[in-house]
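Chemist: Below is one structure. I have some questions about it.
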Amino acid sequence: DYYAGVSDLSQLLWTLQTTRHPMSAKFKEFNRLIAELIEDYGLVSFEPLDIQDKECALRVLGRCDTANGHIMNSEKVEDPSDP
């Protein structure tokens, strides 16, 4: 529920900025710009997964396939390079 409810990356940015790691300060502006890019174009979304629930797992798999540009299909797609 925590990840599914995240509507923006401000909490992640805050965590990165308050971390005492030496790279946090160096990449502060870069992290802000990447977060802005992700939010502006809707590049990331979260889907809850209950691995014990087959329908839930298939729904998440379908979302992953869609995001990758594939469509789940029960028929095998013929690949001409496959002997």
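The values are calculated or read from the model by the stated rules, or taken from the named source; none is laboratory data. The model shown is predicted, which means the values in this text are computed figures rather than measured ones. With ligands, DNA and RNA removed, areas are computed over all heavy atoms of the protein, side chains included. Shrake-Rupley method; radii C 1.70, N 1.55, O 1.52, S 1.80 Å.
Chemist: Provide Leu16, Leu37 ordered by accessible surface of protein heavy atoms (probe 1.4 Å), highest first.
Modeler: Leu37, Leu16
Chemist: With a 1.4 Å probe and all protein chains in place, put Asp50, Asp65, Asp40 in order of accessible area, largest first.
Modeler: Order by accessible area, largest first: Asp40, Asp50, Asp65.
Chemist: Ranked from the most accessible area to the least, with a 1.4 Å probe and all protein chains present, what is the order of Arg59, Arg32?
Modeler: Arg59, Arg32
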